[in-house]
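The next block holds one structure in the form of structure tokens; read it before the comments.
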Amino acid sequence: MDKLRGLDNDASMITEVATLEVKPGLESAFENDFDLAASIISGSEGYVSHELLRCVEKTSRYVLLVRWETLEAHTIGFRKSPEYEKWKELLHHYYDPLPTVEHFDKVHEGPE
């Protein structure tokens, strides 16, 4: 077990962090369509969990956190699937600009 990463089953998990700039005035419609899109991503192989956070200071900015078993589960498994095309069709027209997406390893977790 890696002391910095916590539990053994978390050791290889990746967190995708996407900064989403939604066109102002479309936030409610985006959130409704995201509810539909969530069922697409949550059915993907290698998906673990996700959270959508809305910025308090700039209400058209969101952060999407998606936990994947591996980097490839996202970049190959999901991104190259027909389901990703459905995801894009539901959500990408809300963004300006297109999201910045990065992947992170957990290196520390505070006490519960």
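The values are calculated or read from the model by the stated rules, or taken from the named source; none is laboratory data. On a predicted model such as this, the values are computed, not experimentally measured, just so you know. Cβ placement follows ideal geometry from the backbone for every residue including glycine, while neighbour counts extend to all protein chains displayed.
Would you be able to say whether some residue in segment 5-18 is exposed (fewer than 14 other Cβ atoms within 10 Å of the Cβ), at pLDDT 95 or above and either touching a Ser or Thr at 6+ places or on another chain (Cβ under 8 Å) or more than 24 Å from Gly110 (Cα to Cα) (or both)? Looking for residues that are exposed (fewer than 14 other Cβ atoms within 10 Å of the Cβ), at pLDDT 95 or above and either touching a Ser or Thr at 6+ places or on another chain (Cβ under 8 Å) or more than 24 Å from Gly110 (Cα to Cα) (or both), one finds none in segment 5-18, hence no.
A quick yes/no check of all residues on (1) in a strand (DSSP E or B); (2) farther than 12 Å from Glu16 by Cα; (3) touching a residue at least 60 places away in the same chain (Cβ under 8 Å):
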site: Glu51; (1), (2), (3): yes, no, no
site: Val56; (1), (2), (3): no, yes, no
site: Leu64; (1), (2), (3): yes, no, no
site: Arg67; (1), (2), (3): yes, no, no
site: Ala73; (1), (2), (3): no, no, no
site: Lys80; (1), (2), (3): no, yes, no
site: Lys86; (1), (2), (3): no, yes, no
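Residues in segment 98-112 that are out of contact with any strand residue (DSSP E or B) (no Cβ under 6 Å at 6 or more places or on another chain) and more than 16 Å from His50 (Cα to Cα): Leu98, Val107, His108, Glu109, Gly110, Pro111, Glu112. Checking the structure you have, find out if any residue of segment 24-31 is within 23 Å of Phe104 (Cα to Cα), at pLDDT 95 or above and surrounded by 14 or more Cβ atoms within 10 Å (Cβ to Cβ). So far as segment 24-31 goes, no, none of its residues is within 23 Å of Phe104 (Cα to Cα), at pLDDT 95 or above and surrounded by 14 or more Cβ atoms within 10 Å (Cβ to Cβ). For segment 56-80, the tally of residues that are surrounded by fewer than 16 Cβ atoms within 10 Å (Cβ to Cβ) and among the aromatic types (Phe, Trp, Tyr) stands at 0.
Here's the yes/no breakdown for (1) of a type in the set (A, V, I, L, M, F, W, C); (2) over 18 Å from Ile14 (Cα atoms); (3) buried (at least 17 other Cβ atoms within 10 Å of the Cβ):
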{"position": "Asp35", "(1), (2), (3)": "no, yes, no"}
{"position": "Gly46", "(1), (2), (3)": "no, no, yes"}
{"position": "Arg54", "(1), (2), (3)": "no, yes, no"}
{"position": "Asp105", "(1), (2), (3)": "no, no, no"}
